[in-house]
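The values are calculated or read from the model by the stated rules, or taken from the named source; none is laboratory data. Source: prediction; values computed, not measured. Virtual Cβ from ideal backbone geometry, glycine too; neighbours counted across all protein chains shown. Areas reflect the complete protein model, heavy atoms only, side chains present, ligands, DNA and RNA absent. Shrake-Rupley method; radii C 1.70, N 1.55, O 1.52, S 1.80 Å.
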Amino acid sequence: MTATDTSQSRKRPARAPKPQGQWKVDGKEPLNANEVFKQEDDALNVRSRILEKYSKEGFSSIEESDLMGRFRWMGLYTQRRQGLGARATSDLSDLELADEYFMMRVRVDGREISTEALRVLAGISTEFARGTADITNRQNLQLHWVDIKNVPEIWRRLESIGFETTEACGDCTRGYLNSPVAGVAADEIIDPTPYLQEMHDRVVGNPEYSNLPRKFKTAATGHPSLDVVHEINDVSFVGVEHPELGPGFDLWVGGGLSTVAHFAVRLGVFVPPERAADVYEGVVSIFRDYGYRRLRNKARLKFLMKDWGPEKFREILETEYLDSPLPDGPAPEYSGQRGDHSGVHKQKDGRFYVGATAVVGRVSGETLAKVADLAEQAGSKRIKFTPHQKIIILDVAEDKVDALVEGLVDLGLPVYPGPFTRVGMACTGIEYCKLSFVETKEKARTVLDELDKRFEGEVIDPPISVHLNGCPNSCARIQTADIGLKGQLIEGDTPGFQVHLGGSLAGDNVPEGEFGQSVRGFKVPADDLTDYVEKVVRNFLDDRSEGETFAKWSRRAEEEKLK
Ligand code: SF4
């Protein structure tokens, strides 16, 4: 035997790569408990059990795999048991943290809400959700305190106005974002509404697409302000004008925040509007068939995109999921407009739309009913929610604008809020969320209000965004805020925030998005938050050069100026 032979005989056989749970590569063998329950019984089937059993027999009759799993496909999560401190978040199990009441997410899909529909939503909030109503940054309406016994009646009322909770949460295609001024803005390139509707009708509630590896987020806009945070959705259709083919969409795939943030990437294709739904089904199918399912924290589409890159993704889309290739297409142009639609703007028909701020997204059933009254007094019958937690009243005659603005301000919905309140954001936080370590909504509201007072009369343009999360998940998009705050317990049991600085998106008035960077080892106690933000913003105002944004400044400033 030669020396070579000896080394070969000792060589370990090459190990087969570990299956990642990609259905088209590894087969459908479930590799974790979530994949087991999703395959055992389609999550959409829980709807009939809610109607026929759980709502009649009460909370205690709910099977655990439905309660902690499939209920999400019906937009239902158990909310956090009241009175539990922040330590409980890490010490107790999900089941132990759960109350007998639910958060219910109503998907709006960026559609217009008639004043009549808004009153129905208001009534549901008042009668069945203790008046709670949060407008989320995905244009949904979130209710709390929902009793399982009332779910059938809530669904009946929602369905009477064309709304639903189906697939509002869960491993499926959750509520869509659409430009809040689709169809009305004077400078719109294309109205995505009919194409989004077709995508919805093909996919939502369809068992072909009800078992995806993880959540899947969808956005579309035809507005030049790029107003749907397209860079951080799993798939986005962004309006562009093709020089030969006319208006259509530029396709972005694989964005998402959470604990590992990725921007979506352009595939470089032009999507003619009539092919948008086919392309959408193709992208969702790729995620279903090739998405990683073994580890849930690696299961979002962004991880597949990272490994494949846009060229391979395009090739698989065109060759395995579409009838024919797509033409190359242009990138969307950056217009420099801010995409939150705050204030008063002219529509293409000469009337106006009025964008009011629901501060940190929090309203109530009572407020929503009053918004419907105010809108009708202003001659409007159509309302929109926005991905920036604004309420827009469409179709307002010029001579009614002032009275409407005044009425909205009286309701606590400012049309011209201070800069901090305008762009501030907060997730649900410890009040209702089982994952949270800190209170966020009320903290954000008071901090933003106080900052507006402290900087009154000073020009802060563009505004500096302060976003608060209760945990490392990024429901309030902390990585894309100027000042992003991640809730955690610091120094024992003190609620506080880890600080990220310098995040942005194109719709925030900067040409290219960037993720914020954490300030090394730096955390702020919740009680010191206003003082900290004031200090860092004053450092910026003193130190910035002409035209420099907060994001750019935070990358070059000395570390002590950031603390
Ligand atoms: Fe809950 Fe965390 Fe999302 Fe806030 S960021 S709502 S604490 S999961």
Quiz item: Round to a whole number: what % of the accessible area of the chain belongs to carbon and sulfur, probe 1.4 Å?
Solution: 47 percent
Exercise. Would you mind pulling out the separation of the Cα centroids of the stretch 378-442 and the stretch 156-210, in Å?
Key: 21 Å
Exercise. With a Förster radius of 45 Å, plug the Cβ-Cβ distance of ILE161 and GLU244 into 1/(1 + (r/R0)^6) and report the FRET value to the nearest 0.05.
Key: 0.60
Quiz item: When Lys and Arg each count +1 and Asp and Glu each count -1, what net charge do the other residues less than 15 Å away from ASN45, Cβ to Cβ, add up to?
Solution: -3
Exercise. Rounded, prolate or oblate: pick one for the chain, where a ≥ b ≥ c are the square roots of the eigenvalues of its C-alpha gyration tensor, a/c under 1.5 means rounded, and failing that, prolate if a/b is larger than b/c, else oblate.
Key: rounded
Self-check item: Peptide ranges 265-275, 496-506, 303-313 listed from the most packed, as the mean C-beta count within 10 angstrom indicates
Solution: 496-506, 265-275, 303-313
Quiz prompt | Extension gain from SER61 to ARG454, taking 0.36 nm per residue of separation minus the Cα-Cα distance | solution = 136.2 nm
Self-check item: Mean ellipticity per residue at 222 nm, deg cm²/dmol - from DSSP H runs of n ≥ 4 across the chain, formula -39500 (n - 2.57)
Solution: -8500 deg cm²/dmol
Self-check item: Whichever lysines have a C-alpha closer than 19 Å to that of LYS18, once near sequence neighbours (fewer than 8 apart) are set aside
Solution: LYS28, LYS298, LYS306
Self-check item: Relative contact order (%) - the chain, alpha-carbon pairs under 8 angstrom, separation at least six
Solution: 13 percent
Quiz item: Just the accessible area for MET199, please: 1.4 Å probe, Å², rounded to the nearest 10?
Solution: 0 Å²
Self-check item: Efficiency of FRET between GLU274 and GLU431 - r from beta-carbon atoms, R0 51 angstrom, step 0.05
Solution: 0.65
Self-check item: Among 407-416, 522-531, the order from most to least packed when residues are scored by Cβ within 10 Å on average
Solution: 407-416, 522-531
Quiz item: If Lys and Arg each add +1 and Asp and Glu each add -1, what is the summed charge of the other residues whose beta carbon sits under 13 Å from the beta carbon of ASP134?
Solution: +4
Exercise. Determine the shape class of the stretch 287-347: with a ≥ b ≥ c the square roots of the Cα gyration tensor eigenvalues, call it rounded for a/c under 1.5, and otherwise prolate if a/b is greater than b/c, oblate otherwise.
Key: oblate
Quiz item: Rounded, prolate or oblate: which fits the stretch 1-157, taking a ≥ b ≥ c as square roots of the Cα gyration tensor eigenvalues, rounded meaning a/c under 1.5, else prolate when a/b beats b/c?
Solution: prolate
Quiz item: Which of the peptides 287-299, 387-399 is most tightly packed, and how do the rest follow, judged by the mean count of other Cβ atoms within 10 Å per residue?
Solution: 387-399, 287-299
Quiz item: Where only protein heavy atoms count, and the probe is 1.4 Å, what is the accessible area per residue for the stretch 84-222 in Å²?
Solution: 32 Å²
Quiz item: For the stretch 99-208, which semi-axes, largest first and in whole Å, follow from the square roots of 5 times the eigenvalues of its Cα gyration tensor?
Solution: 25, 17, 12
Exercise. For the stretch 421-562, report the accessible area per residue in Å² (1.4 Å probe, heavy atoms, rounded to an integer).
Key: 41 Å²
Practice problem: Note down the nm distance, to one decimal, between modelled labels 7 Å out along Cα→Cβ at GLU40 and at GLU406. | Solution: 6.2 nm
Quiz item: So what's the net charge close to VAL204: Lys and Arg +1, Asp and Glu -1, counting the other residues with Cβ under 10 Å from its Cβ?
Solution: -1
Exercise. Just the isolated ones, please: cysteines in the chain lacking another cysteine beta carbon under 4.7 angstrom.
Key: CYS169, CYS172, CYS433, CYS471
